[in-house]
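The block underneath contains the structure these notes are about, expressed in structure tokens.
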Amino acid sequence: MAIRIKTAKEISVLQECGKRLAAILKALQEKARPGTATGEIDLLAQNLIRDAGGIAVFRGYRVEDSPPYPASICTSINDEVVHGIPRPDTYLREGDILAIDIGMAWPRESAKEFPSYQGRPLVTDTAVSFSIGNSTRESDRLLRGTKEALWEGIDEVKSGKRVGDLSARIQKKLTEYGFGIVKGLAGHGVGYELHEDPLIPNYGKAGTGPLLKTGMVLAIEPMATLGKGDVRLDRDGWTFQTIDGSASAHFEHTVVLTPNGTLVLTMI
Ligand code: MF3
Ligand code: CO
Ligand code: CO
């Protein structure tokens, strides 16, 4: 399908959605301590999304023959790369690497900030990884490098560039660090739906792929591991884990290309 261009009005709604989502993610991050259950973080997310006037778009989401996703966020610990399911009996431990991924559509009902907005709710998507309690040098390095790769990708979002330029920049940074690159999972367009075209792989060839244009909204999301990049799908139908058991990190922002440059929407 074609890449869907968002209007200026839609972009202002996405900005509000992204700001609110960033504030929610920050609150979730503060809640994540040794001894916290990931299910408690999910419950907090559910409440904060409701209070923000948004819709938890992950809940009930399906891909191909997957079961409907059962939570408002993904919580992926250590060797879990993405789509870990929060559970009331999964407790965070000192030294864990936790990735929290959250998406929201906004507004759920007509928003007083946008009295003239008659359109549908619009989606932003963001993720952060961090250590629970004390970290190790290796996990710090994994977190730093993966986050740098995200910002390398964001820096490539410019008129006239192509998706492959972005992918190549991310790959270069992850390779510099010697990380495993997860090839079966990618970033994506976002906005009217959680997943839209284009697909944004975390590896690729500069100068290839779709041209970036004003009004495109992209979720850029490098995932990296301390070992090989090979992953398998857990029996729960959602959680991707590294096959070699190595730790993994994931960072994601939703960005938009405007006539005045690139805005990172999922920041406070
Ligand atoms: N937010 C994930 C992404 O970055 C997708 C989560 S789908 C879910 O693309 F169903 F697991 F929530
Ligand atoms: Co996400
Ligand atoms: Co995403």
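Assorted remarks:
- Residue 159 accessible area, assembled protein chains, probe 1.4 Å, Å²: 80
- Shape call, the range 67-163: gyration tensor on alpha carbons, a/c limit 1.5: oblate
- Under the simplified labelling scheme, the residue 9-residue 47 pair shows an inter-label distance of 3.6 nm, with each label point 7 Å from Cα along Cα→Cβ.
- Within the chain, longest stretch clear of exposed trypsin sites (Lys or Arg not before Pro) (DSSP loop, no more than 15 other Cβ within 10 Å): 1-61
- Accessible surface of the chain, 1.4 Å probe, proportion on carbon and sulfur as whole %: 51
- Residue-count net charge about residue 261 - beta-carbon cut-off 14 Å; Lys, Arg +1, Asp, Glu -1: +1
- Close amide H pairs (under 5 Å, H built 1.01 Å from N) link residue 61 with 69, residues at least 5 positions away or on another chain.
- Cα centroid separation, the range 197-218 to the range 109-155: 18 Å.
- The range 154-255: C-alpha gyration tensor shape, a/c 1.5 cut-off, then a/b vs b/c: oblate
- Once exposed loop GluC sites (Glu not before Pro) are cut out (DSSP; at most 15 other Cβ, 10 Å), longest piece of the chain: 114-192
- Helix-only [θ]222 nm of the chain, DSSP H runs n ≥ 4, -39500 (n - 2.57) each, per residue, nearest 500: -9000 deg cm²/dmol
- 3J(HN,Hα) from dihedral phi, the range 86-99, Karplus parametrisation 6.51/-1.76/1.60, rounded to Hz, x for glycine, proline: x, 9, x, 10, 9, 9, 6, 10, 2, x, 4, 9, 10, 10
- Overall form of the chain per C-alpha gyration tensor (a/c, 1.5; a/b vs b/c): oblate
- Calculated FRET efficiency, residue 199 to residue 33, Cβ-Cβ distance, R0 = 41 Å: about 0.70 to the nearest 0.05.
- Heavy-atom accessible area per residue - the chain, 1.4 Å, Å²: 44
- Other residues lying with their Cβ under 13 Å from the Cβ of residue 252 contribute a combined charge of -2, Lys and Arg counting +1, Asp and Glu -1.
- Bridging of residue 205 to lysines at a Cα separation below 20 Å is possible for 158, 161, 172, 173, 183, 213, once same-chain residues fewer than 8 apart are set aside.
- Put 188, 83 in order of accessible area, highest first, and with a 1.4 Å probe you get 83, 188.
The values are calculated or read from the model by the stated rules, or taken from the named source; none is laboratory data. For clarity, every value in this text was computed on a predicted model and none was experimentally measured. Heads up, the Cβs are rebuilt from the backbone with ideal geometry, glycines too, and the neighbour counts pull from every protein chain shown. Note: accessible area is taken over every heavy atom of the protein model, side chains too, but ligands, DNA and RNA are not part of it. Shrake-Rupley method; radii C 1.70, N 1.55, O 1.52, S 1.80 Å.
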